[in-house]
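To start, the structure under review is shown below, and the notes come after it.
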Amino acid sequence: MQQIAVLVFEEKVRLESDRLAELYVQLGETGAQDVVCRAMEELAVRLARLDEAYRAYRLAALRKGAKSLIGIAEQVGMQRLADVARDVCHCADEMDPVALGATMARLQRIGGKSLTAVWDLQDLSV
């Protein structure tokens, strides 16, 4: 009888609180909250578009979308999300479908958890 291993993907996300604090100092509370909310909306949209591009195997669109996601993620202190988006770009450049599939799955997991972490952080500040 063969054994089947079940892999559980549990990866913690960490927001760079220094980056968020810097936004609040530069823009004030209202301005920073506005930037963070717009960034979160944009990240959610871009993650969905990246998934669509991946499913259609449109590598140019995938790479372009991942690069744009990097800037937004870094702006609001989501460095791990930005790093994984860079990995997606690399896999798309290498045209490695297996690595790309795994990296895209990781991007979606990290993206979802990062967005949740920011929402939770905003709930604490209210």
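Here are several values of Kirkwood radius over Cα pairs in Å: (i) 14.6; (ii) 15.4; (iii) 15.8. Which one was derived from the coordinates shown?
Matching entry in (i) 14.6; (ii) 15.4; (iii) 15.8: (ii).
Residue by residue through the range 68-78, what is 3J(HN,Hα) from phi via Karplus (6.51 cos²θ - 1.76 cosθ + 1.60, θ = phi - 60°)? Round to whole Hz and write x for glycine and proline.
Computed from phi, the couplings for the range 68-78 are 5, 5, 4, x, 5, 4, 5, 4, 10, x, 9 Hz.
Relative to the longest principal axis of the chain, what angle (0 to 90°, nearest 10) does the C-alpha long axis of helix 79-94 take?
So the helix axis and the longest Cα principal axis differ by about 30 degrees.
Going from the alpha-carbon gyration tensor of the range 65-108, what semi-axes, largest first and in whole Å, does one get by taking the root of 5 times each eigenvalue?
On the way: eigenvalues 74, 19, 8 Å².
Calculated on Cα positions only, the semi-axes equal 19, 10, 6 Å.
Explain nothing, just compute: Karplus ³J(HN,Hα) = 6.51 cos²θ - 1.76 cosθ + 1.60, θ = phi - 60°, for every residue of the range 34-44 in order, whole Hz, x for Gly and Pro.
5, 4, 5, 5, 5, 5, 5, 4, 5, 4, 4
For the range 9-103, run through the GluC sites (Glu not before Pro) and keep only the ones in DSSP coil with at most 11 other Cβ atoms within 10 Å of their Cβ.
Hits after loop and neighbour filter: GLU10, GLU11.
Taking the Cα centre of the chain as origin, work out the dipole magnitude from +1 charges on Lys and Arg Cβ and -1 charges on Asp and Glu Cβ, in debye rounded to 20. Walk me through the numbers before you get to the answer.
Numbers: 16 positive and 19 negative charges, 88 e Å.
The dipole of the chain has a size of about 420 debye.
Putting +1 on Lys and Arg Cβ atoms and -1 on Asp and Glu Cβ atoms, find which of CYS91, GLN26, LEU47 reaches farthest to the positive end of the dipole of the range 17-125.
CYS91
List residues of the range 47-88, by number, whose backbone nitrogen lies under 15 Å from a label position 7 Å along Cα→C-beta of ALA105.
Backbone N within reach: 55.
Between ALA61 and LEU27, how high is the FRET efficiency from 1/(1 + (r/R0)^6) when r is the Cβ-Cβ distance and R₀ = 30 Å? Nearest 0.05.
0.40
Sort SER68, SER17 by Cβ crowding within 10 Å, fewest neighbours at the top.
Fewest-to-most ranking of SER68, SER17: SER17, SER68.
Taken together, the values in this text are just the output of simple stated rules run on the coordinates, not laboratory data. None of these values were measured; they are calculated from a predicted model. All Cβ positions, even for glycine, are placed from backbone atoms using ideal geometry, and neighbour counts span all protein chains on display.
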